[in-house]
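Okay, structure first, notes after.
Here, each number is a calculation from the coordinates, and none is a lab measurement. A quick note: this is a predicted structure, and the numbers were derived from the prediction, not measured. Reconstructed Cβ throughout: ideal geometry from the backbone, glycine too, with neighbour counts over all protein chains shown.
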Amino acid sequence: MTAAHTVLVIGRRAAVVVCVFVWIIAFTVSHAPLERLPDLHTSDKTLHFVGFFVLGSVFFLTLVVHGGNRWRRIGIVSLIMFVYALVDELTQPLVNRHADVLDFASDLVGAMGALVVWELLLITLRVVRRIVVRRTDVS
């Protein structure tokens, strides 16, 4: 096993560990009784957006380091985040919180926002890389 391969394997494992850790934190926070959570002096919808933006980002980046097709990655992130947002909202009444369709919508907007931001960043990086390679080849 080469050093580069070892680093790749470690990076992939670290990404999975971070993703699972963030997902556990997200689930714990979204199912904690409201009186046990600090007042962050911001909109509930903003918190849902930011939380799912972070969760979607970590999940997306975990898939990126594992490689694969862009369209498959987009489909996986979209489907998993939709299902998780739905399950998250539907299970909150079990812990004396309420399900809210606007919270669900904020979750989806946050997750899909992360997906769009990261995909656009990857596309931009690929274009820049091609330009740099062409300039290097010409020199």
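Miscellaneous remarks
- Along each principal axis, taking the top coordinate minus the bottom one, the Cα set of the chain gives 64, 32, 28 Å in descending order.
- With neighbours defined as other Cβ atoms within 10 Å of a residue's Cβ, the residues ARG72, ARG12 order from fewest to most as ARG72, ARG12.
- Charge dipole of the chain about the Cα centre (unit charges at C-beta), most positive-ward option of ALA105, GLY51, ILE10: ILE10
- What the pair-distance distribution of region 98-139 shows, using all Cα-Cα distances binned every 10 Å from zero, is 26, 25, 19, 15, 10, 4, 0 percent.
- Between helix 70-91 and the chain there is an angle of about 10 degrees, using the helix long axis and the longest principal axis of the Cα atoms.
- Other residues whose C-beta falls under 10 angstrom from the C-beta of LEU122 contribute a net charge of +2, scoring Lys and Arg +1 and Asp and Glu -1.
- Per-residue Karplus couplings for region 120-136, computed as 6.51 cos²θ - 1.76 cosθ + 1.60 with θ equal to phi - 60°, are listed in order as 5, 5, 4, 4, 4, 4, 5, 5, 4, 4, 4, 5, 5, 5, 4, 5, 5 Hz, Gly and Pro entered as x.
- Charged-residue dipole, Cβ positions (Lys, Arg, Asp, Glu), region 3-138 about Cα centre, Debye nearest 20: 1040 debye
- Tilt relative to the chain, helix 3-30 - C-alpha long axis, 0 to 90 degrees, to 10: 20 degrees
- Proxy reagent accessibility, fewest Cβ within 10 Å first, across ILE25, ILE131: ILE131, ILE25
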